[in-house]
Each structure stands twice: as structure tokens, then as C-alpha cells.
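Presented below is the structure to which this report refers.
The values are calculated or read from the model by the stated rules, or taken from the named source; none is laboratory data. Remember, predicted model here, so these are calculated numbers, not experimental data. Neighbour counts run over all protein chains shown; Cβ positions are idealised from the backbone, glycine included. To get the accessible areas, we keep the full protein, side chains included, count just its heavy atoms, and leave off ligands, DNA and RNA. Shrake-Rupley method; radii C 1.70, N 1.55, O 1.52, S 1.80 Å.
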Amino acid sequence: MKRIWIALLAVFMTAGMASAQIWSESFSTNAPPTLNTDSFAQITNEYTTGQWTTLGGTVDTNGQLRLIVSNWADQQGMTWGTSIALDDGLFTAAGNYRLTLDIAAMQADATLGVRVYDASIGSGGTNNYYQLNNYQYGLGTKAKVVPFGDATTNLLAEAFLGSAHKGIRSIDFAYDGSGDVVLMLMAMSSGATAQRWIEIDEISVDVATPNPDVPSFALDNYDMLPEALENEAYTNSTFLASITSNPGLEPLDFSVGKASWLTITDGTITGTPTVGGTNTFYISVADADGAYDDAVFTLLVTNANDAPVFTTAYGDNQFWAGNALANLPYSADLNGYVFDEDGDTLTFSGSGPAWLTVATDGILSGTPGDSDFGNNAWQIIVDDGTDSVTGTLHIAVQKKTIVHIEDFNTMATVPTANPSVFPTPQTITTTATDGSWYKGGTVVLDGGTLKFVRVAATGGLSASAVVFAEALFADGAGTYTLSFDIVSAGAVNKTYVELHDLDLSAGTVSVPTYKFAKSFEDPGGLLPAITATNGASASMITNVTYGVGALGVKKIEFEYDGSGDVLLRIGAGKNGSTEWWTNHKIDDLSIIGSSLATAYDLWAAGYGLSGAAAAATNDVEPDGVINLLEYAYNGDPTNAASKGTYPVMGATTFDGSTNWIEFIHVERTGDNNLTYTLEKKDDLVFDSWTNSTDAVVAGESPVVDNYKTVTNAVPTDGKTVEFLRVKVAEVALDI
């Protein structure tokens, strides 16, 4: 629970009348105030002119004074603010004064901090001053005035106002008649580490007579009794009356902030707490004139164990983990799909297709085969030691052509085409397209990884190259993905990657894999140039440079035109440094093909459809029904007489009530790219279709040949007209 500060020190916050105004600032009618940003917002005896000062913050005026909480990436939520010094000559005598603010707007989770100081510069001069420390580190940190030399400050009043306090607010303070008065306005974020803003229209200081009838709490903080139980109704009708002072004997109005479950009616607190532990909120009490007081309250809620929940579930605890590729290792973590409010240690178990292992700590691992193509489902049980929840995990197994996988863990040595040549550029011909590495003596195995080693002098570039033959690209022209894992990269090492399309039908290609330059760094990310001779060619497909120290799995998508071999050149170069280095390593290098055979693709191919005829929007017969709907409703795209089974509806009795519509439609199973959304509207002309979120699945038939029948019950809420439809869509899911 986030906490709002509401603190009062010798303060009456009131909406009562005031008189004899001594100073005011109207931001909507006056020119924007001049902001002093010199000398760290120091105020000396020469600087008491009523000029606003700010430090480290932003104050804008567009008809309002705008205070903005810091939004710097590494300093989000920090306090910013502005201040003004009022010369003691404005105050004719000791007495009671009232600061009045018109708070025009305030974002949720913002807090306006207000402080009033009596300040004495002392002997003056450069060494005696006070500094407005209105830029503070820390979420919601209160800023302050800091005296230097023999300058002194005395805090006269302060208040911290939440977003519920918009409007005209007043703060009373007593002034002894000596010294300047400093007003500080601070914008703070009460709990969110993000930018927050507050806008003030007008501000003034007036002579005031204290209101003796202000209702108040004796303390700034209270522990509310009795305590509460989580998820059980709570009622407390005596606590507020026991701590509230009401000298005017007027009807009082209580309001609450920062507690969504709690309400106050006629002084009685009611609600059902949903979070165990200490709940913190603030309560304001006000009379009919608007005079009020605030305090912070804490209520201890005894925790009741909460069962784990699936955070990304839809329907009956159905959820999808990331897609898998046939014949490639798969891993995922179920902890990312489950939340336990109590923070209990969770134990996972599961049953389903044998290729996947569900470890007790929630880690998924396994390798699906070709026969596992399509939607795979498992029953997953998550237990927190007291309660458990059961859900259905879905993983879509897709097929892609595997062009090449380089498993350095299984190699005894790196297969090389030129083990003895260094540092002469390597010559590649049609006889060397077998996946061997052209290393120039600069690449070795190290602990199951490929390590780039600097030989000879310090600095320079160490690269290696490997050629993948055209025959490996069985999918032909299309998009392919190069993937590799940078497992080690020194503090000055960049990773250079290039892909080239080679035509080796005639001639050769010369590939430099090493460059001796102690301060090698190419701002354009280019390795030493590749050259071709005697009719051969080498054209750049793409190049990527990863910065110093970049680690982790990198994926580069590239377009292949369907002809020629593909050259990969990858290496490590110094970032302008001449230090010795041997610690740049990569692992798990692969190229995966472009084809992604979806369930729809296989269905279309089964009816002999290809090219434009296989498009989801095509109507092949034609029969007025596009392929996608034939697919969704079990139709035949080549037979106009077989359009599939379409939805039907009628009145029904459900849950003891007759105000329901029965809506029945067919769904295809085993394809998580396909979605069925039940929508409704009351008027076909003027209304828009909206999701029927109140529909209930009343039953499902067994699955036959990948299809099932779903029966929905939709409440009419007493309406005489209701229109329903199912919206079918095919979505692309990331692999």
C-alpha cells in the first residue's frame, strides 16, 4: 500500500474568511514569475524581493504555476519545487496569517508539500544565507530550507496535500513580526516512480483570525482498532468519533484517500479488505464551512492465505506460453504466468505431451518433434503449500526449416577450412561450402563456446567466417533469422556481424578475418572489405554492430533472394583500445528458415489450395464465404454446398432465470492463431458491436476432427431486443 503524508504543525487548514491581504500572486493575470536559478537558490539579505526561486526543478506558467516531479530515467519520483521569500516589511506586526492556495489540478499519486518558514539572514554577506533545498533525492522525500552561517530558520507550518485536496486550501500560521517569511511549494510523487505534476492558479497571504471551530484529530497518525480480517466485511462505527474533536458541534463529513476498499458514511467505516498486512490510508474530517483536518491511519489486516492465480489466463484458467519450434530445444518459466499474493514458495506439476518436462520450480524444458506440430496442452497444478490452482497450459509447436545449428559443446575442435593460414585473407571457392570456419588462426573452442583470440600484438580485429551453401536454404527466398549468444564480452570489445550473398559459380571470394590495427574501431560497423575475382560476387545483405559489453542472445533477421551461398562473418574488435584481450565468446549459433506452416496453411494445402487461392480472404468456389470462415466453421473451400456450421440462437433457461439467450457456434481447436469473440449490440443502426463480457459458457461438446460445439448463455437484462454475433480472426503470433 502506498502512503500519502498528511502532516500538520501549528496549522489550521480552513476555508473560513480572511482579511487584510498583504501579498498575492495571480498566475492567470500576471506575467510569469521570474525564476532565480543562480547560487543554488540561495536567499541572502540582498535577495528578499518576492522573486520566485527554483533549484533542479521545472516550473511552467500557462495560466497556472506548474510543479513537476522529476522524470529523469535514474531519478524518477524525486521532489522538485519552487519557493519565494516575503520581506518582513510586508508584515505589519506579529500575529496570525493565512496562506491560501487555489490548487487547479493534481495528478493521482501526486502530493503537494507546503512549508512556511520564519527566516533570519543574520549578519548577511556571502557566508550567511539560507538555501532552498527544493530538489531532494528519494521517492516522496520532503524538501527543506537549509541555513548557512549565522542565518536561522524556524518552521511555522507545513502541510502535505493529496489529489483529493484540489480547490482552495488555506494554511494558518503564527508570525512573531521579525525575519522574512519563506513559502516553499514542493511537488512529490506519493508512491509512483514516474513524473507527476501539480497546477496552482493563485496564491496569497492575508491577516487571519483563527477559526476556533475547526474539527481536528489530536494526532497525525493513528493505529485503527479493532483490527480486520482479509476478505471479511469490516465495520467500525465508534473509532472516528472517539478521536475527533468537534468544538463547533457541527455535522462532520469524513472522506478517505488511498484505500479503494474502504468507505465512510456518517462516521462509520465499512468495507472488505482484500490485502493482508498493514493497510495505510488517510482520512479527512471537515465541517460545513470547509474547515478540516487530516491524519494518517493504519489498519492491521490479518492475512488469509490466497491461492495462486494465473495472471495471463483467459476462460477457465487457459494460458499460452511461448511458441516452440519442432526439433529445437524449448524452455520457459511458468513463474512468469503465476502470482501468489502471499509470496509463498510455489510447487509446480503437470501432465500432457511427453516431450515437455515440468520441473517442480516451474521451469519447462524439452524438444518437440515433427509429430507434435500444432497446439499442445498440459494440465498444470500450482500449489502454495495450503491451496492450489489448476490451469491448462498451451504451447503451439511450429515448423521452420533449420538451415544450420552450430553446437560448440559437441565439437572436439573447430572444423576449419584453412588451419594454417594467418593473417592472409581467406580464399573461398565452390569446393569450400561445407560449414567449415575460415578462422585465420583467431578462433578456438573454450568451454563449449567459440572464443575470438587476439594473436601477436595487442589490439586489432579478430574475426571468423563460415559459408552456408545454397542447398541448405530449402525454403528459398524469404526471411531468415541468424541467432547467437554473446556469453562473454570484455569492457572494450565490440561485436561485428556481416552477412553476404555469394555467387561462387565462377572465380573466388577473398575474406579478411583479421586486421592488425591497435585501435581498430569502424564507426560504420564495417569489417575489412571482401573482394571477389574472376566473375564471382559478394553483396552485403546486412551488417550489425553490438556495443561494448553487450551480452545475451542476439537475433538478426535477413532477406535471402533464393540463390547463391550465404557468408557469415563475425568477430570482435577493440573499442579504440590497444589492450591485450582473449575473452570474447559466442555460443548457440543457428540460422532458422522462413517457412512457418500454420494450422490454417496445412488445412488449405489439404484442399489443394496454394498461392492467392489459399489466402484467408479468398472465396474459391465462390459461395459467399471466405476461406477463413470455412476454416473456422468446418466448411469445404472447394465445395459451394459445404459452407460449414453457422451460429444459431434462441431463448433458454439458465441459472434459474428465463432472461437468457442461448447462442451456439462451432469452434476449431488446436489453433491458437484463431480467435472467436462473442459480440452484442442493442440496435443494428446506431449501436456499435461490443464484447459480450457477461456471456457464460454453458457447455461444450466433445472434440471431433478438430471441432467442438460451444453453447453460450447471454443475459438479456430485461431487454426485448438483443443482437449477437461471433467475430472470427486469425492473429499472427511471435515465435
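Note on exposure: Ile405, Ile264, Ile198 ranked by accessible area (1.4 Å probe, complete protein assembly) read Ile405, Ile264, Ile198, with the most exposed listed first.
Available extension along the chain between Ala529 and Asn96 is 147.7 nm, counting 0.36 nm per residue and deducting the alpha carbon span. Residue ranking by accessible heavy-atom surface, 1.4 Å probe, largest first, among Met540, Met106 comes out as Met540, Met106. Of the solvent-accessible surface of the stretch 250-308, computed with a 1.4 Å probe over protein heavy atoms with every protein chain present, carbon and sulfur atoms account for 52 percent.
With the full set of protein chains in place, find how many percent of the accessible area of the stretch 335-450 is carbon and sulfur; take the probe as 1.4 Å. Carbon-and-sulfur percentage of accessible area, whole number: 48. Here the peptides 630-637, 408-415 are ranked by packing, the mean other Cβ count within 10 Å, and the order with the highest first is 630-637, 408-415. Each of Gln318, Gly352, Gln398 was placed along the dipole of the stretch 316-428 (beta-carbon charges, centred on the mean Cα), and the one lying farthest toward the positive end is Gln398.
In terms of its C-alpha gyration tensor, the stretch 200-338 has a prolate overall shape, because the principal axis ratio a/c (a ≥ b ≥ c, square roots of the eigenvalues) is not below 1.5 and a/b outweighs b/c. Using a probe of 1.4 Å, the accessible surface attributed to Phe91 totals some 10 Å² when neighbouring protein chains are kept in position.
Expressed as a fraction of 2.2 N^0.38 Å, the C-alpha radius of gyration for the stretch 238-302 is 1.16. With a cut-off of 13 Å between beta carbons, the residues surrounding Asp88 carry a summed charge of -4, where Lys and Arg count +1 and Asp and Glu -1. Accessible area per residue for the stretch 324-370 is 48 Å², calculated with a 1.4 Å probe on protein heavy atoms, without ligands, DNA or RNA. Other residues whose C-beta falls under 12 angstrom from the C-beta of Ala613 contribute a net charge of -2, scoring Lys and Arg +1 and Asp and Glu -1.
Shape class of the stretch 314-425 from the Cα gyration tensor (axes a ≥ b ≥ c, square roots of the eigenvalues): prolate, since a/c reaches 1.5 or more and a/b is larger than b/c. Per-peptide packing, taken as the mean over residues of other Cβ atoms within 10 Å, places 343-355, 499-511 in the sequence 499-511, 343-355 from highest down. Counting only heavy atoms of the protein chains and using a 1.4 Å probe, Trp689 has close to 70 Å² of accessible surface. Cross-link partners for Lys643 among the aspartates and glutamates, with Cα-Cα distance under 16 Å and sequence neighbours closer than 8 places in the same chain left out: Asp619, Glu621, Asp623, Glu630, Glu667.
Would you list, by chain and number, the aspartates and glutamates whose Cα falls below 14 Å from the Cα of Lys555, excluding same-chain residues fewer than 8 positions away? Cross-link targets: Asp485, Glu498, Asp587, Asp588, Asp734. Scoring 241-249, 153-161 by mean Cβ neighbours within 10 Å over their residues and listing the highest first yields 153-161, 241-249. Using R0 = 35 Å, the C-beta based FRET efficiency linking Lys708 and Asp683 works out to 0.65.
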